[in-house]
Each structure stands twice: as structure tokens, then as C-alpha cells.
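What follows is a set of notes on a single structure, which appears directly below.
The values are calculated or read from the model by the stated rules, or taken from the named source; none is laboratory data. None of these values were measured; they are calculated from a predicted model. Heads up, the Cβs are rebuilt from the backbone with ideal geometry, glycines too, and the neighbour counts pull from every protein chain shown.
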Amino acid sequence: MKITMNIFIKSALVLVCFLAVNTVFAKDEPAETTYDGLVLVKDSKVDMAYALPGADLSAYTKIMILEPHIAFKKNWQQEQNRKRMSGRVSDKDMERIIRRGKDLFGYVFVDVLEENGYTVVTDVGEDVLLVRPAIIDLDVAAPDIQTANRSTTYSASAGEATLFVELYDSVTLQILARASDKKTGRRNSINWTMSRSSVTNTADATRAFK
């Protein structure tokens, strides 16, 4: 039953997330209300946030997290290969970056939630908040790929991406809130370029996710 419910939730919310992303970013000026009844939150700490009127998140003490969806910026692979001096970003490289991104994002997400007193669970329940995270428009500035020739890439930032999250009641699947925030991997205290590797990219990505 648990497996069936998880598959149903993931299948239903993939479409909802796709529609929501296109609705949120369809215009330069955010709409006051969304197609599913959420209202724009004014003076939010993130770039854009919507919430269901009257929704009370304090009733939820546990969190159920779906596998994050990760999508590269359009034409990212072509742009990378056009400017690279050696080596090309392959489809397998992109799959590896997505896989690492999902693992890292999941680890950081759980770590931060638990630090703030939430219990992360795998079953639905009346006190369980369902979280649907996504990373969209991912632009890795200097991906660490396997090349025949030894080379070093320099960049001031690991890149940028938009973090997108939706909150649902895990039992009814009622949408409660939606938010997005564009993040860069640039360290505010560093103004010069540095050599990029999987280690430096991971460190900057972790900082942005937190």
C-alpha cells in the first residue's frame, strides 16, 4: 500500500509541478493568485511564494520528501560544449550531475529539517507535510567531467539554479504552499575566480541549497 501510494503521489505531482513552474514563470510580474487557489505572499524572504489562505502549517510535525526533480537550463549542454577548449559534456555527464544533485539536495534538505526539529518520515499521515522539491534552470558553470587531457577550469561561481518547492497535505494532497528562489554558488566574500572541481562545486552547491 505504501509503495502504491508513493507511486501515485509522485505521478500526480510531476504534472502539478510542471504546470506550476510554467504558471509561476510565465510572466515578469507574479500573479496575485494561482490557478489552484494560492495567494501571493508579500514581502517574502524568497523570490516568490504563494500560500493557501487559512492554511496552518503548525499542525504538521513530520515531513515526507519526494525525490527532487532536476532540470538543466535550456541548451546548457550545447553552450558548454561550444565554449570548452577540451572535452565535451556528454549525456552521461548530465545524468551523473543530476544523480549527484539529487543525492546532495536530499542530504542537505533532511539535515536542515532535522536540525530545526522536524522528523523525516516515509509514510503519509495527518501530521505529515509532503514536500515536493525541484531544481530548475540548472546552470553548472564549470562541470567536472572526465577528459583525456589534463585541464583546469576557472570560475568565480559553481553556477546558478532556481530552487522550487511545493508543500502538500500528505493525506488529501491539498496544495498548501509554493515557493521559488534563484540561487548562485558564488561566495560573497570571494571576488576572484578559482579552479573548479567536483569538490569546489559540491561545496558551493551545498551552501546554496542550505
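Just one of the listed residues (Val165, Val171) is over 14 Å from the mean Cα position of the chain (by Cα), more than 18 Å from Arg100 (Cα to Cα) and modelled with pLDDT of 90 or more, and it is Val171. Right, Asp123: at pLDDT 90 or above and surrounded by 12 or more Cβ atoms within 10 Å (Cβ to Cβ) or not? Yes; evaluated as a whole, the condition is true for this residue.
Got at least one residue in the range 28-38 being part of a helix (DSSP H, G or I), at pLDDT below 90 and farther than 18 Å from Ile135 by Cβ? Scanning the range 28-38 turns up no residue that is part of a helix (DSSP H, G or I), at pLDDT below 90 and farther than 18 Å from Ile135 by Cβ. Filtered by the rule that a residue be surrounded by 16 or more Cβ atoms within 10 Å (Cβ to Cβ) and among the basic types (Lys, Arg), the range 37-69 gives a lone residue, Lys62. Assuming Ile97 fulfils every condition listed in (1) within 20 Å of the chain's Cα centre (by Cα); (2) closer than 22 Å to Leu173 by Cβ; (3) crowded, with 17+ Cβ neighbours inside 10 Å apart from one, which condition is it? Among (1) within 20 Å of the chain's Cα centre (by Cα); (2) closer than 22 Å to Leu173 by Cβ; (3) crowded, with 17+ Cβ neighbours inside 10 Å, Ile97 violates only (2).
Table: residues versus (1) part of a helix (DSSP H, G or I); (2) of a type in the set (Ser, Thr, Tyr); (3) under 22 Å from Phe164 (Cβ atoms).
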position: Gln78; (1), (2), (3): yes, no, no
position: Val89; (1), (2), (3): no, no, no
position: Met94; (1), (2), (3): yes, no, yes
position: Gly101; (1), (2), (3): yes, no, yes
position: Leu113; (1), (2), (3): yes, no, yes
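Would the range 13-26 turn up any residue that is surrounded by fewer than 11 Cβ atoms within 10 Å (Cβ to Cβ), at pLDDT 75 or above and either outside any loop (DSSP other than H, G, I, E, B) or on the phi > 0 side of the Ramachandran plot (or both)? No; the residues of the range 13-26 include none that is surrounded by fewer than 11 Cβ atoms within 10 Å (Cβ to Cβ), at pLDDT 75 or above and either outside any loop (DSSP other than H, G, I, E, B) or on the phi > 0 side of the Ramachandran plot (or both).
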